[in-house]
Amino acid sequence: MKMHLLIAAVLLGSASGLVLAEEPPAGVETMAERDARMAWWREARFGMFVHWGLYSIPAGEWNGKVWKKGGLEWIQKRAAIPADVYERKLVPQFRPKEGFAEEWAQTALMAGCKYLVFTSKHHEGFALHDSAETTFDAKDACGRDLFKEIADATRAEGLKVGAYHSIIDWHHPQSYAGFGLPTIKGVTNEGRDNSVYVDYLHRQVEEIVTGYGPIDVIWWDFSKPDCQGESWRAKELMAMVRKHQPHILMNDRLYSAKAAFVGGNSSLLKEWKPERGDFTTPEQHIPDTGVDGVDWETCMTMNTGWGFNKHDNNWKPTQVLIRNLIDIVSKGGNYLLNVGPKADGTIPPQSIARMKEIGRWMDINGEAIYATTASPFEMPAWGRYTAKPDRLYAHVFQWPEDARLMVPAGDRKVARAYLLADEKKASLPIEKTVEGLAISLPDEAPDPIASVIVLELD
């Protein structure tokens with residue numbers, strides 16, 4: 001793509017592919033209104049995901065059996081634990097430490113995240129908010145409204161607040177069982193009145209969106225082809241949420257979305273439909289490219305699972321995490337990186353160490369991440385590009401042996417180039433060649449993970 005196309009693309013933003021032929025009917029959101037609502041999220045690019053609940057207590061073990069990897073927030077299903085047994089054994093042990101929420105928010109801020117999404121209720125059905133609909137919640141378990149503690153601490157650090165809310169519920173006696181959904185062994189849908197559960201789901205969500213101030217994101221999870229959409233009365237549910245929180249963002253997992261679970265295939269992003277949610281959510285994978293007009297967010301773990309598992313030591317190196325962030329943003333997406341706190345709310349030291357290292361990189365290079373748009377060029381072998389209207393950022397993973405970086409020459413003149421890590425912002429020599437622009441670099445990379453060269457456009 002030529003450099004002049006870059007300017008058009010970045011000015012239009014990440015949803016530039018959507019063009020309305022005419023104004024929508026009264027009461028329907030215009031493209032300008034949607035862009036305004038999405039603006040903070042598109043600029044943020046990086047958020048922290050938190051998976052924490054009763055499942056954090058077993059930490060990968062049940063009745064002597066150990067799981068060393070995978071999602072142990074699913075331990076109730078993995079170990080086929082009846083709902084009453086699960087509640088009876090775990091609720092008395094749920095005693096979060098004081099101040100855990102402040103530590104979460106400070107960790108997210110330290111890493112350079114702009115928003116925090118936490119599991120207000122996972123598939124186990126245990127709610128962190130004070131719910132009048134059930135006693136299976138934090139207030140009844142430990143006398144504290146943990147949703148409020150987390151939301152308040154997150155806002156206090158200037159971060160946006162997101163609530164993950166499972167539409168599956170292994171505890172509620174009338175919830176859907178079967179239909180392709182993950183279901184506890186031995187449980188069937190026979191004799192269940194699922195409409196009773198859906199009413200309960202709506203009422204609990206309304207408690208969240210009316211009782212805790214501004215909520216910036218609702219992160220639904222999840223549907224299957226045989227149980228989606230109107231199985232949850234999705235249109236009604238989303239309309240209720242928007243009535244109370246007009247500026248809220250929601251993902252599309254009230255509907256079955258292949259893009260969430262089929263790795264690497266960017267064409268699946270095209271299945272996203274705006275009436276189903278504001279963005280789609282590839283899980284544990286990065287699409288091979290972005291798709292113009294589609295807002296998306298890759299959610300990913302630091303080890304192999306989401307909830308805390310003391311036996312899972314398959315930690316991704318910081319280099320992988322930072323390069324994932326760059327890769328995702330270079331394709332126009334957001335990165336939602338997970339931590340799984342221990343039962344008392346403490347984030348594991350392995351996660352803290354990685355978040356600190358990401359934060360150190362972001363302190364120097366965050367300009368090349370925040371409020372940037374997808375690369376205007378093909379993916380280079382040496383790294384990635386991100387862009388703003390007046391500049392291009394070259395993220396160099398593999399420092400060239402000859403200390404000369406080749407970038408495409410577009411129609412816009414490059415006024416100068418410099419290293420983002422250079423406090424003096426000294427200009428780097430640029431030579432125009434038949435192959436493009438050759439930028440002369442220092443012999444050694446400022447950062448072994450990713451060094452950023454800024455190209456200021458005239």
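Nothing in this text is a laboratory measurement; each read-out follows from the coordinates by a stated rule. The shown structure was predicted, so the numbers you read here are calculated from the model rather than taken from an experiment. Glycine also receives a Cβ, built like all others from the backbone with ideal geometry; neighbour counts cover every protein chain displayed.
Stick to Cα atoms and the Kirkwood definition of Rh, then tell me Rg/Rh for the stretch 252-342.
Working: Rg = 13.7 Å, Rh = 13.7 Å.
That ratio is 1.00, to two decimals.
Can you tell me, using C-alpha contacts under 8 Å and at least 6 residues apart, the relative contact order of the stretch 67-213 as a whole percent?
Details: 180 pairs, mean separation 35.0, N = 147.
Dividing the mean separation by the residue count of the stretch 67-213 yields 24 percent.
Take each of the peptides 373-385, 349-361, 421-433, average the number of other beta-carbon atoms within 10 Å over its residues, and list them starting from the highest. Walk me through the intermediate numbers first.
Working: 373-385: 19.2, 349-361: 17.6, 421-433: 11.8.
Going from most to least packed, we get 373-385, 349-361, 421-433.
When the convex hull of the C-alpha atoms of the stretch 306-458 is computed, what volume per residue in Å³ does it have?
Details: hull volume 18.8 nm³, N = 153.
Taking only Cα atoms, the stretch 306-458 has a hull volume of 123 Å³ per residue.
Once you have the Kirkwood Rh of the stretch 269-308 from its Cα pairs, apply Stokes-Einstein at 4 °C and 1.567 mPa s and quote D in µm²/s.
The Stokes-Einstein estimate is 113 µm²/s.
Placing +1 on the Cβ of each Lys and Arg and -1 on the Cβ of each Asp and Glu in the chain, which of 313, 387, 398 has its Cα farthest towards the positive end of the resulting dipole?
313
Please give the peptides 400-412, 44-56 ranked by average Cβ packing (other Cβ atoms within 10 Å per residue), highest first, as a rough proxy for protection. Can you show the working numbers first?
Working: 400-412: 15.2, 44-56: 25.1.
Ranking, from highest mean packing down: 44-56, 400-412.
Please state the charge dipole magnitude for the chain, taken about the Cα centre, from unit charges on C-beta atoms (+1 on K and R, -1 on D and E), reported in debye and rounded to the nearest 20.
For the chain, the charge dipole is close to 720 debye.
If I model a spin label at residue 285 and residue 367 as a point 7 Å from the Cα along the Cα→Cβ vector, what separation in nanometres do I get?
A separation of 3.7 nm, rounded to one decimal place.
Defining a contact as two alpha carbons under 8 Å apart and six or more residues distant in sequence, what relative contact order in percent does the stretch 156-207 show?
Relative contact order of the stretch 156-207: 32 percent.
Along each of its three principal axes, how wide is the spread of alpha-carbon positions in the stretch 157-316, in whole angstrom units, largest first?
So the three principal-axis extents are 44, 39, 34 Å.
For helix 31-44, what angle does its Cα long axis make with the longest principal axis of the chain, in degrees from 0 to 90 and rounded to 10?
The angle comes out near 80 degrees.
Normalised by the residues of the chain, what does the relative contact order come to in percent, with Cα pairs under 8 Å and at least six apart?
Once divided by the residue count of the chain, the mean separation gives 19 percent.
Along the principal axes of its C-alpha atoms, what lengths does the chain span, in descending order and rounded to whole Å?
Per principal axis, max minus min of the Cα coordinates gives 73, 53, 36 Å.
Assuming 0.36 nm per residue, please report the length gained on full extension of the stretch residue 239 to residue 28 beyond their Cα-Cα distance.
The span from residue 239 to residue 28 would gain 74.8 nm if fully extended.
Taking H as built 1.01 Å from N, whose amide H comes closer than 5 Å to the amide H of residue 421, not counting residues under 5 places away?
Amide H neighbours of residue 421, under 5 Å, 5+ apart: 452.
Gap in Å between the Cα centre of the stretch 36-61 and the Cα centre of the stretch 76-124?
Taking the Cα centre of the stretch 36-61 as reference, the centre of the stretch 76-124 is 11 Å away.
In Å, the Kirkwood hydrodynamic radius of the stretch 148-232 over pairs of distinct alpha carbons?
Details: mean 1/r = 0.0693 Å⁻¹.
Over the stretch 148-232, the inverse of the mean reciprocal pair distance is 14.4 Å.
Between the stretch 169-186 and the stretch 201-261, how far is it from one alpha carbon centroid to the other, in angstrom?
Using only Cα atoms, the two centres lie 19 Å from each other.
Subtracting the Cα-Cα distance from 0.36 nm times the residue separation, let me have the gained length for residue 350 to residue 226 in nm, one decimal.
Fully extending the segment from residue 350 to residue 226 adds 40.7 nm.
List the pairs from 65/316; 69/121; 224/270 whose alpha-carbon separation is above 28 Å, in the order I gave them.
Values: 65/316 25 Å; 69/121 22 Å; 224/270 18 Å.
From the list (65/316; 69/121; 224/270), the Cα-Cα distance tops 28 Å for no pair.
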